[in-house]
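The values are calculated or read from the model by the stated rules, or taken from the named source; none is laboratory data. Computed from a predicted structure; not experimentally measured. Don't worry about glycine lacking a Cβ; one is built from the backbone with ideal geometry, like all the others, and counts go over all protein chains shown. To get the accessible areas, we keep the full protein, side chains included, count just its heavy atoms, and leave off ligands, DNA and RNA. Shrake-Rupley method; radii C 1.70, N 1.55, O 1.52, S 1.80 Å.
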Amino acid sequence: MVSEVQNNPTAILRVERLSMKFGGLIAINDLNFEAKRGAITALIGPNGAGKTTVFNCITGFYKPTEGMLTMTRQNGEEYLLERMADFVITKKAKVARTFQNIRLFSGLTVLENLLVAQHNPLMLSSGFTILGLLGFPTYKKAASDAIEKARFWLEKINLVERADDPAGDLPYGAQRRLEIARAMCTDPELLCLDEPAAGLNARESAELNKLLLDIRDETGTSILLIEHDMSVVMEISDHVVVLEYGTKISDGTPETVKNDPKVIAAYLGVEDEEVVELIEQAEAAGLDDITAAVDLLSTEALHEIEEAHPDMAPAALIPSAPATVRRARATTAKKPVVKSAADKTAAKPAASTVKSKPTTPTAKSPAAIKPGATANALAEPRGGKADKLIVIKGIGPVNERKLNQHGIFHFDQIAAWKKADIIAAEAYLAFDGRIAREDWIGQAKKLAKQSQVTPAPKKTGGAK
Amino acid sequence: MADVQKIEPDSVFAKAVKEGLLAGALAFGLFFLIVGFRTDQNIRNELVLNQRWGLLAIFVLVAGIGRFLLTAYITPWSEARSKNKRAAVEKEQSAFRKSFPKIGLGLLLIYPFLVILILWAYNGSIMGGLQGSLKYVDNFGIQILIYVMLAWGLNIVVGLAGLLDLGYVAFYAVGAYSYALLSTHFGLSFWLLLPMAGIFAALWGIMLGFPVLRLRGDYLAIVTLAFGEIIRLVLINWTVVTKGTFGISGIAKATLFGIPFTPGPTGFAALLGLPNSGVYYKIFLYYLILLLALLTAWVTIRLRRMPIGRAWEALREDEIACRSLGINTTTTKLTAFATGAMFGGFAGSFFAARQGFVSPESFVFLESAIILAIVVLGGMGSLVGIAIAAAVMIGGTELLRELEFLKRIFGPDFTPELYRMLLFGLAMIVVMVWKPRGFVGNREPSAFLHKRKMVSSEFTKEGHG
């Protein structure tokens with residue numbers, strides 16, 4: 001490798017301090033991330049988070065207000081994308097892209113679409129048209145090679161039969177695949193896909209996953225994709241970057257990102273009560289401007305909370321990561337499809353798992369503690385010391401407080417939940433099926449067992 | 001009519017009669033004052049009211065009977081036809097269509113001789129054949145072919161690249177004036193100036209292209225329109241060089257490998273021992289323009305299979321997608337402008353050689369509009385369609401001069417040529433209603449894997465500028 005590939009030779013694209021402002025609107029604010037070579041990096045975030053803007057900056061359709069976009073090609077050449085024109089980025093830096101709303105050449109045939117993508121090499125071999133016009137054999141050979149290449153990609157996307165039909169005549173899913181094949185015909189090293197699974201049904205989406213994995217494994221092309229379909233993101237991406245309001249809120253493997261409370265808050269929103277609590281927390285942390293606290297709500301407020309409760313912070317996020325991540329990986333590896341299916345029909349399968357495991361008898365009157373609370377609620381923590389519920393993935397500081405208010409302090413309490421308890425808990429946590437989805441009960445059982453084996457204080461101290 | 005209604009209240013015939021009468025009444029109402037009366041000044045400068053009931057009756061009858069025929073016969077017939085068409089196998093038609101370009105080309109190649117032979121047989125003398133053929137070779141053959149060539153040239157810009165150019169005649173003018181000026185001032189020959197005129201026009205195409213690169217659609221059309229007018233106004237006002245509205249006359253004629261088409265002893269006719277006639281030059285010009293037009297077609301066909309041609313069409317379909325595929329849209333647009341302009345320049349120098357006289361009068365906006373209309377009517381991107389459209393439009397207007405019988409209907413004052421634009425517009429409306437994408441709306445793909453299938457016009461785009 002050439003020595004110029006400095007700090008990180010595995011990064012194909014480095015986005016550093018990227019900002020994009022449209023007048024007063026800040027679409028991207030000081031964004032930093034890296035796309036690794038030979039990996040699939042997903043860029044996710046709620047609507048309007050600035051994902052497509054990032055794409056447009058990378059592919060040169062927008063000139064970023066600030067920041068540096070470094071593309072490192074396999075041969076070691078480095079390109080500063082923010083300084084290049086859009087077509088040069090594809091031509092020289094080898095970055096290809098697709099569009100959120102499909103942009104095929106609908107009046108050209110499928111084959112012609114793929115040939116247009118090979119414009120630059122064909123242009124060279126046709127001697128900038130002049131030699132080709134005079135019928136030189138170099139062009140003829142290049143033209144037939146181009147058709148062969150197009151055929152290769154058509155076979156990959158199962159469209160050989162329809163090669164001579166107009167692209168506009170294809171069904172939607174096929175158009176999406178064709179657009180990817182067309183981008184691949186430019187021989188890219190980085191393929192940027194803007195919502196490739198949008199509008200696809202489950203089968204087409206699975207085919208797309210396979211196609212993208214094939215592209216990554218066979219051609220070594222790195223992929224950067226924007227996607228809303230979590231089954232696609234979680235299944236194929238090696239690395240996920242989450243944006244909200246133009247800022248990165250999370251970055252890591254799919255599993256860590258999926259369980260990041262900030263990401264969950266960004267996607268599912270935060271309750272009004274929580275806003276009030278967060279403001280209180282912010283005030284406690286020394287912020288006197290209420291609006292500033294509200295602004296911090298979705299992302300930085302969580303940091304504030306951690307600062308406000310320094311005793312809780314280390315245990316909350318960091319120590320829990322290794323153990324639970326390993327566990328989560330195991331489950332996703334075992335049944336990736338089931339997991340995504342469970343997302344949709346959340347409550348039902350969860351209920352059945354709970355039923356099948358009869359737990360310790362905790363039959364008490366639900367009305368004893370608080371109306372609507374779970375059956376095994378306690379008035380106060382046993383021995384005056386509550387377990388750190390936040391260790392359970394999916395429980396953030398806000399939820400922990402809520403649970404405490406409703407008399408849930410210990411892991412074994414959660415482990416003992418039944419279907420009715422889950423429904424009750426979800427009601428006051430304003431969750432919809434997430435307790436089952438994130439397997440709180442299973443997590444709680446494990447943690448309960450651990451806390452029996454090892455004394456609690458030691459665990460808190462050993463933040464590994 | 002009442003009887004008819006009683007017998008068949010819903011019959012097509014009754015409906016047709018009703019609509020015919022209504023149309024007649026409407027026509028009467030419309031034309032009663034406009035056509036029925038006419039004021040003239042008599043010899044004592046007094047206004048006299050002339051009544052023209054006969055002419056009014058003709059107008060009303062034409063409207064009424066026309067409407068009647070349309071409702072009673074033509075509409076049912078076309079409906080039945082379209083029904084049958086769906087059932088009928090298209091093979092027969094496509095076989096004819098496939099061989100149509102070849103048949104057409106063959107006819108074009110023998111056209112002058114065919115005309116001479118027919119007229120020879122008709123008049124009984126070779127001189128009658130030769131002199132009589134002048135009109136057909138010159139007015140029809142050459143005139144149509146010039147427009148075919150211009151339209152094919154414009155087709156590259158509008159039909160393939162989707163850039164709406166309303167000032168195409170400017171390049172025609174550049175070609176014509178560069179031949180006229182360089183041949184009169186420097187005495188350069190036609191064969192040298194023909195490519196030079198093309199190159200000059202291409203340069204002007206690039207000069208036009210640069211400022212309009214960022215423009216699309218309507219804005220592009222307006223700027224190209226302005227460009228066409230600028231060229232014309234410069235030609236009018238730069239009198240030192242162009243002699244303004246007087247134009248440049250006495251432009252040297254083209255020669256065949258140095259053999260001039262003059263009546264003298266060194267002339268073409270004398271050398272070959274043929275009877276003296278001006279028709280040889282016309283036939284020579286006919287083949288010259290045919291050759292130039294075929295060159296345009298050949299280059300267009302070849303370019304469509306080149307990456308640049310595909311890039312043009314891709315540009316027409318979606319410019320942003322083009323850029324995302326690494327295509328430099330700037331140079332792509334400029335090459336389209338330059339190539340189109342080059343053929344305009346060729347046609348212009350030919351025009352100057354043919355007329356022997358150029359003036360700004362020949363390069364008005366109307367010419368641009370006619371060329372564009374031919375491209376649109378023929379079907380953007382289709383060479384055959386455009387050739388047919390040119391033949392219909394230009395040949396049709398020429399044919400109007402021949403329609404002497406119209407004078408017998410509308411009176412001796414009636415000059416059908418004056419209705420040229422009216423009929424032109426009418427024909428355009430009819431064609432656009434009948435075939436919204438022009439005569440040949442389908443697009444032929446430039447490459448295929450299994451089988452060449454025509455791309456239906458519903459998928460192709462017109463371009464956004």
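Select from the range B:161-219 the residues that are of a type in the set (Phe, Trp, Tyr) and within 20 Å of B:ALA369 (Cβ to Cβ) and list them in ascending order. Passing the criteria: B:TYR168, B:PHE171, B:TYR172, B:TRP204, B:TYR219. Pairs linking a residue in the range B:134-146 that is within 12 Å of B:PHE351 (Cα to Cα) and outside the structural domain of B:LEU119 (by TED's automatic domain parsing) to a residue that is open to solvent by 20 Å² or more (accessible area, probe 1.4 Å) and assigned to a helix (DSSP H, G or I), with Cβ atoms under 8 Å and 6 or more positions apart or on different chains, do not occur.
Can you name the condition, by its number, that B:LEU400 falls short on among (1) away from every other protein chain (no Cβ under 11 Å); (2) modelled with pLDDT of 75 or more; (3) open to solvent by less than 50 Å² (accessible area, probe 1.4 Å); (4) under 30 Å from B:ILE222 (Cα atoms)? Every listed condition holds for B:LEU400 apart from (4). Of all residues in the range B:183-217, those that are assigned to a loop (DSSP other than H, G, I, E, B) and either over 27 Å from B:ASN328 (Cα atoms) or of a type in the set (A, V, I, L, M, F, W, C) (or both) total 5. Inspect the range A:144-163 for any residue being within 8 Å of another protein chain (Cβ to nearest Cβ) and among the aromatic types (Phe, Trp, Tyr) and give the result as yes or no. No, because not a single residue in the range A:144-163 is within 8 Å of another protein chain (Cβ to nearest Cβ) and among the aromatic types (Phe, Trp, Tyr). Annotation: B:THR296 fulfils all but one of (1) open to solvent by 10 Å² or more (accessible area, probe 1.4 Å); (2) within 14 Å of chain A (Cβ to nearest Cβ); the unmet one is (1). Of the residues making up the range A:93-127, those that are more than 25 Å from A:THR59 (Cβ to Cβ) and within 9 Å of another protein chain (Cβ to nearest Cβ) are A:THR109, A:SER125, A:SER126. Selection of helices (runs of 4 or more DSSP H) fully inside the range B:394-440 by the criterion of at least 1 residues being under 20 Å from B:GLY379 (Cα atoms) returns B:396-402, B:420-434. Is it true that B:PRO416 is within 19 Å of B:VAL62 (Cβ to Cβ) and open to solvent by less than 70 Å² (accessible area, probe 1.4 Å)? Yes; evaluated as a whole, the condition is true for this residue. Looking at B:MET454, B:MET380, B:MET432, which is the one that is surrounded by fewer than 18 Cβ atoms within 10 Å (Cβ to Cβ) and closer than 30 Å to A:SER144 by Cβ? Among B:MET454, B:MET380, B:MET432, only B:MET454 is surrounded by fewer than 18 Cβ atoms within 10 Å (Cβ to Cβ) and closer than 30 Å to A:SER144 by Cβ. Only helices (runs of 4 or more DSSP H) whose full extent lies in the range A:65-168 are considered here, and the ones with at least 2 residues that are surrounded by fewer than 20 Cβ atoms within 10 Å (Cβ to Cβ) are A:119-125, A:130-133, A:137-156. Within the range B:319-328, the only residue that satisfies the criterion of being more than 7 Å from every other protein chain (Cβ to nearest Cβ) and open to solvent by 10 Å² or more (accessible area, probe 1.4 Å) is B:GLU319. Give the residue, chosen from A:THR41, A:THR53, that is open to solvent by less than 10 Å² (accessible area, probe 1.4 Å) and among the polar types (S, T, N, Q). When all the criteria are applied, what remains is A:THR41. Filtering the range B:305-318 to residues that are more than 7 Å from chain A (Cβ to nearest Cβ) and crowded, with 21+ Cβ neighbours inside 10 Å leaves B:GLY309, B:TRP312, B:LEU315, B:ARG316. The combined condition, being surrounded by fewer than 15 Cβ atoms within 10 Å (Cβ to Cβ) and modelled with pLDDT of 75 or more, is fulfilled by A:LYS449.
Pairs meeting the criteria (first residue in the range A:57-78 and farther than 26 Å from A:LYS21 by Cα, second residue part of a loop (DSSP other than H, G, I, E, B) and open to solvent by 80 Å² or more (accessible area, probe 1.4 Å), beta carbons under 6 Å, at least 6 apart or on different chains) are A:GLY76/A:GLU4.
Against the definition (open to solvent by 10 Å² or more (accessible area, probe 1.4 Å), more than 8 Å from chain A (Cβ to nearest Cβ) and over 19 Å from B:GLY205 (Cβ atoms)), how does B:PHE346 come out, yes or no? Criteria not met by B:PHE346.
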